Amino acid sequence: MPFTITVHHSREHLVVAGSGPALLADLCGYMDLVGGIAGREGYHRAVLDLSGVEIALSFTDHLQLGAHAADRLRNLERVASVVPEKYRTGSSEKAAQKSGLHLRTFTDLAEGLAWVAESGTP
């Protein structure tokens with residue numbers, strides 16, 4: 001099964017879903033894609049739907065991913081990441097937040113979408 005990415009555009013925010021087994025390089029490429037589309041299309045908010053992704057990342061990999069996400073998504077005012085409960089460690093989230101990205105991680109897509117849609121700036 002390959003790692004696949006699906007892009008969903010809405011008026012308010014960008015939703016990019018990933019599914020399948022993913023390496024750190026795949027997830028960094030995913031962040032590059034999200035940042036590129038968001039910048040080109042003028043999105044200020046995004047939902048990273050990784051609920052269908054299977055990963056085996058080390059602690060260091062999580063830190064690298066968080067820092068990479070913060071760099072590539074730095075122009076977004078609010079980013080929700082949705083991951084399966086079994087992969088929710090908080091390491092990537094904290095690394096991204098420490099690097100200045102306003103990111104929250106959820107295990108439920110509806111909750112992530114609701115948070116991104118909230119009015120006002122973070």
Restricting to bridges with both residues inside region 4-117, how much of the DSSP beta-bridge set is antiparallel, in percent to the nearest 5? 25 percent
About its Cα centre, region 4-117 carries a charge dipole, from +1 on Lys and Arg Cβ atoms and -1 on Asp and Glu Cβ atoms, whose size in debye to the nearest 20 is 300 debye
Based only on Cα atoms, what Rg/Rh ratio does region 48-120 have, Rh being taken as Kirkwood's radius? 0.95
Which distance in Å, rounded to a whole number, links the C-alpha centroids of region 89-109 and region 43-80? 7 Å
Residue-normalised 222 nm signal for the chain, counting each DSSP H run of n ≥ 4 as -39,500 (n - 2.57), nearest 500 deg cm²/dmol, is -12500 deg cm²/dmol
For region 10-82, place one equal point scatterer on every Cα, skip the solvent, and apply the Debye formula. What is log10 of I(q)/I(0) at q = 0.14, 0.21, 0.25 Å⁻¹? -0.40, -0.88, -1.20
Residue among L57, A117, A96 farthest towards the positive dipole end of the chain, charges placed on Cβ: A96
Based on the Kirkwood radius over alpha-carbon pairs, what is the Stokes-Einstein translational diffusion coefficient of the chain at 4 °C with 1.567 mPa s viscosity, in µm²/s? 93 µm²/s
Efficiency of FRET between H9 and S99 - r from beta-carbon atoms, R0 41 angstrom, step 0.05: 0.95
Explain nothing, just the number: dipole magnitude of region 61-122 about its Cα centre with +1 on each Lys and Arg Cβ and -1 on each Asp and Glu Cβ, in debye rounded to the nearest 20. 180 debye
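FYI, it's all coordinate maths here, none of it is from the lab. This is a predicted model, so every value here is computed, not measured. As a convention, Cβ positions derive from the backbone with ideal geometry for all residues, glycine included, and neighbour counts pool all protein chains shown.
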